[in-house]
Amino acid sequence: MKKFSCKLAWMPIVALLLFFISGLSVSAQTGDLIYDEAGLLSGGEAQELEALAEQYGAEQNVDFLFLTTDSTEGQSIEGYMGDFFDARADSTGREDAVLLTIDIGGREVYLAGFGTAEQTLDPERVDLVLDRIIPEMQSGDYADAFEETVVTSSEYMEYRPGVNPESIFLKSWFHLAIAILLAGVIVGSMLYNAGGKVTTTPGTYVDRDHTRVRSQNDRFRNKTVTRRKVPKNKDGGGFGGGGGMTGGGRSFSGGGRSF
């Protein structure tokens, strides 16, 4: 009787563990923002990414979406992405979104901005985001690449449309360097003027009335040829840049690359 009661006591705990484990296995495939059909994320990674996407999405008033697949079934990744977004937008009514699509079978990725994000994440900014995430995708760090997409895209969307967020003139270190340079020029000028002006020059000791150039000539010494190796692109090939129109008539900014 005691052994039977002990087994009964363990049953709720076992059931709870099974429910928790099954919930983790499904979470990577379901959700309002993540559609991981290729299974690139674990359950915990999917939950963390969904929370991050919700946080930054609320700040930018857009949906950060992720779509992965093993195959686009003969479609281009751009067309596959467009059909998916049309279906989702028709069912939810939400048109403002940033969508990252990965075809793991074809080793291709496409990043697109819809609605308000078409302006705040224009093709130039899309390329800058892809520059950040392609190395991580090439090494298989998909969770990090997805998080980088959310954080970097959101950061770029803070800038006025048309402004390059990676411009050197917007960097804090550049402003600091200019301030230090100006301070050095001012201090140097003050020190130079503090010692008085020097009135003698090399011309002071030259008698120009009795000095002349006797002869001059040019001699060719040698010639140097410099060779420069053209670097290869290590970030994958680009395609489909600039954006386009979905089959449902929705315009978007975007760009894609192979990895």
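The values are calculated or read from the model by the stated rules, or taken from the named source; none is laboratory data. Owing to the predicted nature of the structure, the values given are computational and were not obtained by experimental measurement. Cβ atoms come from the backbone with ideal geometry, glycine included; neighbour counts cover every protein chain shown. Quick note on the areas: whole protein, heavy atoms, side chains included, nothing else; ligands and nucleic acids left out. Shrake-Rupley method; radii C 1.70, N 1.55, O 1.52, S 1.80 Å.
Which ones in segment 39-57 are within 22 Å of Ser71 (Cβ to Cβ) and more than 22 Å from the chain's Cα centre (by Cα)?
Gly39, Ser42
Could you grab the pairs with beta carbons closer than 6 Å, sequence gap of 6+ or different chains, first residue in segment 124-146 and in contact (Cβ under 8 Å) with a residue 60 or more places away in the chain, second one of a type in the set (D, E, K, R) and part of a helix (DSSP H, G or I)?
Going by the 6 Å Cβ cut-off, the qualifying pairs are Ala143/Glu45.
Can you tell me which residue within segment 150-166, out of those that are touching a residue at least 24 places away in the same chain (Cβ under 8 Å) and part of a helix (DSSP H, G or I), is surrounded by the fewest Cβ atoms within 10 Å (Cβ to Cβ)?
Among those that are touching a residue at least 24 places away in the same chain (Cβ under 8 Å) and part of a helix (DSSP H, G or I), it is Val151.
Taking the residues in segment 114-126 that are under 15 Å from Gly244 (Cα atoms) and among the charged types (D, E, K, R) as candidates, determine which candidate is least open to solvent (accessible area, probe 1.4 Å).
It comes out as Asp122.
Do you know which of the residues in segment 31-66 that are open to solvent by less than 30 Å² (accessible area, probe 1.4 Å) and of a type in the set (Phe, Trp, Tyr) is nearest to Val109 (Cα to Cα)?
Looking at the filtered set, the residue picked out is Phe66.
Mind checking whether some residue in segment 110-119 is in contact with a Pro (Cβ under 6 Å, 6 or more places away or on another chain) and over 20 Å from Gly39 (Cα atoms)?
Looking for residues that are in contact with a Pro (Cβ under 6 Å, 6 or more places away or on another chain) and over 20 Å from Gly39 (Cα atoms), one finds at least one in segment 110-119, hence yes.
For Asp83, are the conditions met, namely being touching a Ser or Thr at 6+ places or on another chain (Cβ under 9 Å) and among the charged types (D, E, K, R)?
For Asp83, the condition - touching a Ser or Thr at 6+ places or on another chain (Cβ under 9 Å) and among the charged types (D, E, K, R) - is met.
Go through (1) over 23 Å from Thr120 (Cβ atoms); (2) open to solvent by 60 Å² or more (accessible area, probe 1.4 Å) and name the single condition Tyr80 misses.
Tallying (1) over 23 Å from Thr120 (Cβ atoms); (2) open to solvent by 60 Å² or more (accessible area, probe 1.4 Å), Tyr80 fails exactly one: (2).
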